[in-house]
Amino acid sequence: MKFGVCYYPEHWPEARWAEDARLMGELGLKIIRLAEFAWAKMEPEPGVYDWEWLDRAIALFAEAGMEIILGTPTCTPPAWLTRQHPEILRVDANGRSRNHGTRRHYCPNSPTYREFSRQIVTQMAQRYGLDERIVGWQIDNEFGGGKSARCYCDHCARAFRTWLQNRYKTVDALNEAWGTIFWSQTYTAWAQINPPGDDVNYKNPSHVLDFYRFSSDSYVSYQQEQIDLLRQLAPGRFVTHNFMGLYQDLDQFDLAQSLDFITWDNYPTGNPDRWRQILYPPGSDTRQNDPVYAYDVGEPIVQSMSHALMRGLKQRPFWIMEQQCGHINWGDVNPGIRPGTPRLWVWHAVAEGADHIVYFRWRATLLAQEQYHSGLLGHDGRPDIGFGDQQRLLGELDQLSQLSAAPLDAPVAILFSFDDLWALQLQPHRHDFHYLRHLYAYYHACLRLGIGVDLVPDTADLSQYKLVIAPTAHLADEALAQRLCDYASGGGTLLLGVRAGFKTPSNRVTDQPLPGAMRELAGVTVTSWQSLPLGQAVPFRSEIAGFAGEASYWVETLGVETAVSLARYELERPDRFAANLSGLEKPTALAENKVDQGRVLTLGFYPTPAQARALLQHLASQLNIPSLPDLPAGVLAYQRGDVRLLLNFTDALQTVTVGTTSHTLPPRDLLFYR
Ligand code: GAL
Ligand code: ZN
């Protein structure tokens, strides 16, 4: 495993570069990423290139023993380009164009922009593609960052129509798929169809879902042009992109597909601000909910979930391309970071599957938008917190390498689908039903039990997993039901959650009894479903240890067909679900259906963290999945092969019992052992 750093030679006097290289050597940094925003410096005027500064930087850092990653600079088109060709600018849903002065202001479907992108990538790759000092390429920077995933310009409108023609072939088929007979939306020609901008109130969810899919495909095809050029001009070098964890607006599985491996940008203290309100249980006081964590570590389970999704994109290890090493500048509070915390983040990332760690950034910038962001060096060029932590990590390189070389095989997978996420964003039914929040209930439960989880698409090979959880398999068809059935038939245990099979892939409701396409597999019929106001609940009971209490928030009653009932609702008033109950007194809350060698469980309500934990604890012990039910809150535990890692994200001493041994973990510290 190696460490590296993001560096911007164009931000510093050239006379300083050598000292920087020397200090990087002192820290054992072996990788350097350059140039991903430097278009204006590389091509100061159209067709006029200046490579000399980059040649000198490459020479100097390679001389210092570093491997070089070059970024293609297409995230930041220069002013001459945006002024000469304003039609390349991205247009928002209100019809306003972005402007020069930031980044990600381009439209991925603009033919002009695509041409200029191909040109700069070709020029760069012709110059450096065969250079042995350049080990790989990062394409662009954080596709979709700064809410830039969707563009509503005329190019996009045209490309959207072509995309729709490919998908539906005839306008009639589109009308049928989108249900346009509703409110006289019917189209009679492709040219009548526009992107769903903000000039429409109450947009058609099938229309919007297709536009989201189209927007995602637009970046996939934009990226592919660069991949093709690099494969041709820089053969044998890796090609990657830096992803953004739980980012939702592009289908990250699709974007990852033709890259060699993925990298992602890991900023633990930015994430809690962003994610608490989306991920924490409904109605909980999101700020008060996690007092166990030290103030400067972020939210480790959210961080784990991000790592797990990133690992799931290609179902293989990844790199951290930007690792936070001190405070950042874009969160709500941006707490100061104490020594020891960056070290914890690095160990955590490696435990979750990071092969290499590249820090962001070398030195805090004196310039422009990111002045308040830290680096390994402070503004004055002297070592900051992260510098000290990296010195410490250097002494732990052997152990880190052992950890990173150990097998990564989680016993549990959770299925993740951007289509489902988007469909539920568009029609959550209750404002606080969020696809990720529901998923997090199960994910969180596994992590608190010390059970490793992968987040994978439903097209992944599931046969290696003992347990597969599909929290909200919302858009379903026969093909999906068949894949899940194959998994269960082969001996797997599948757990389905609420709102399964409710819709078809085009985002219309199924005309089958629920759970629609999943009904035979689940062996149940959903006899009623409802969203409950906070404070309302339905008691339920079961034989499963610790799994009893009240179902709330979202409750579905199940009628068992071929399944057996493992938990039942205890209705306090017989009229509660009268409309759909047809005589059943105690409808099922949890069912289990045998499917050949395996089984399918269906949980009829949205579990609280404690309920999810009790259910997963039960399944883990049935399936011989090792778990640590007494893991203290704020501690994460990893087992990879015969190596173990315990991470304490709290400010208190923690005692962790594994098997018959008790380990004591100092605050914000870790224990690695075999
Ligand atoms: C990342 C981005 C970097 C830098 C960093 C600051 O999202 O890729 O260029 O802006 O955030 O935290
Ligand atoms: Zn556009």
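The values are calculated or read from the model by the stated rules, or taken from the named source; none is laboratory data. Fair warning: this is a prediction, and the values are worked out from it, not measured in the lab. Methodologically, a virtual Cβ is constructed for each residue, glycine included, from the backbone with ideal geometry; neighbour enumeration extends over all protein chains shown.
A few points about this structure:
- When Ile193 is tested against (1) surrounded by fewer than 18 Cβ atoms within 10 Å (Cβ to Cβ); (2) over 24 Å from Pro73 (Cβ atoms); (3) within 16 Å of ligand 2 (Cβ to nearest atom), exactly one condition is not met: (1).
- Restricting attention to the range 325-351, the residues that are crowded, with 16+ Cβ neighbours inside 10 Å and within 15 Å of ligand 1 (Cβ to nearest atom) total 10.
- Test for Ser97: is it touching a strand residue (DSSP E or B) at 6+ places or on another chain (Cβ under 7 Å), within 13 Å of ligand 2 (Cβ to nearest atom) and in the same structural domain as Asp131 (by TED's automatic domain parsing): yes
- Per-region count, the range 647-674, residues aromatic (Phe, Trp, Tyr) and assigned to a strand (DSSP E or B): 2
- Test result for Gly136, under 30 Å from Glu19 (Cα atoms) and either surrounded by 16 or more Cβ atoms within 10 Å (Cβ to Cβ) or small (Gly, Ala, Ser) (or both): yes
- Residue count for the range 159-178, restricted to those that are under 31 Å from the mean Cα position of the chain (by Cα) and touching a residue at least 12 places away in the same chain (Cβ under 8 Å): 10
- Residue tally, condition more than 8 Å from ligand 2 (Cβ to nearest atom), under 14 Å from Ala93 (Cα atoms) and in contact (Cβ under 8 Å) with a residue 60 or more places away in the chain, over the range 138-151: 3
- Subset of the range 108-132 that is within 16 Å of ligand 2 (Cβ to nearest atom) and touching a residue at least 60 places away in the same chain (Cβ under 8 Å) - its residue that is surrounded by the most Cβ atoms within 10 Å (Cβ to Cβ): Pro108
- Count - residues of the range 29-65 that are assigned to a loop (DSSP other than H, G, I, E, B) and either at pLDDT below 95 or within 22 Å of Leu377 (Cα to Cα) (or both): 6
- Selected residue (only one of Leu631, Leu636, Leu671 is without any contact (Cβ under 8 Å) to a residue 40 or more places away in the chain and out of contact with any Asp or Glu (no Cβ under 8 Å at 6 or more places or on another chain)): Leu671
- Exclusive hit being within 15 Å of ligand 2 (Cβ to nearest atom), of a type in the set (Asp, Glu) and surrounded by fewer than 16 Cβ atoms within 10 Å (Cβ to Cβ), set Asp154, Asp172, Asp217, Asp199: Asp154
- So Asp380, is it buried (at least 20 other Cβ atoms within 10 Å of the Cβ) and either more than 16 Å from ligand 2 (Cβ to nearest atom) or in the same structural domain as Asp642 (by TED's automatic domain parsing) (or both): no
- Residue that is surrounded by the most Cβ atoms within 10 Å (Cβ to Cβ) [pool: residues in the range 291-306 that are part of a loop (DSSP other than H, G, I, E, B) and in contact with a helix residue (DSSP H, G or I) (Cβ under 6 Å, 6 or more places away or on another chain)]: Gly298
- For Thr661, the test of being more than 22 Å from Leu408 (Cβ to Cβ) and crowded, with 17+ Cβ neighbours inside 10 Å is failed.
- Residue check for Arg90: of a type in the set (Lys, Arg), within 13 Å of ligand 2 (Cβ to nearest atom) and out of contact with any Leu (no Cβ under 9 Å at 6 or more places or on another chain): yes
- Test: residue in the range 260-268 that is under 23 Å from Ile88 (Cα atoms), touching a Ser or Thr at 6+ places or on another chain (Cβ under 9 Å), surrounded by fewer than 19 Cβ atoms within 10 Å (Cβ to Cβ) and not β-branched (Val, Ile, Thr): no
- Listing of strands (runs of 3 or more DSSP E) fully contained in the range 492-545 that carry 2 or more residues being assigned by TED's automatic domain parsing to the domain that holds Ser284: none
- Among the candidates Leu255, Leu250, Leu230, residue that is within 20 Å of Phe143 (Cβ to Cβ), touching a Leu at 6+ places or on another chain (Cβ under 9 Å) and touching a residue at least 40 places away in the same chain (Cβ under 8 Å): Leu255
- Condition broken by Ala93, with the remaining ones in (1) surrounded by 17 or more Cβ atoms within 10 Å (Cβ to Cβ); (2) in a loop (DSSP other than H, G, I, E, B); (3) of a type outside the set (Phe, Trp, Tyr) satisfied: (1)
- Lone qualifier among Tyr267, Tyr293, Tyr222 - being over 19 Å from the mean Cα position of the chain (by Cα), under 27 Å from Val635 (Cβ atoms), of a type in the set (Phe, Trp, Tyr) and not assigned by TED's automatic domain parsing to the domain that holds Leu439: Tyr293
- Residues satisfying the stated conditions in the range 383-395, i.e. in a loop (DSSP other than H, G, I, E, B) and either buried (at least 16 other Cβ atoms within 10 Å of the Cβ) or basic (Lys, Arg) (or both): Asp384
- Single match in Leu259, Leu233 (criterion: of a type in the set (A, V, I, L, M) and either within 16 Å of the chain's Cα centre (by Cα) or over 26 Å from Pro317 (Cβ atoms) (or both)): Leu233
- Applying the set (1) more than 30 Å from the chain's Cα centre (by Cα); (2) more than 28 Å from Glu352 (Cβ to Cβ) to Met24 leaves exactly one unmet item: (2).
- The set of residues from the range 71-104 being among the small types (Gly, Ala, Ser), closer than 21 Å to Asn141 by Cβ and away from ligand 1 (no atom under 14 Å from the Cβ) comprises Ala79, Ser97, Gly101.
- In the range 424-451, the residues that are assigned to a helix (DSSP H, G or I), under 12 Å from Tyr280 (Cα atoms) and of a type outside the set (Phe, Trp, Tyr): Leu436, Arg437, His438, Leu439, Ala441, His444
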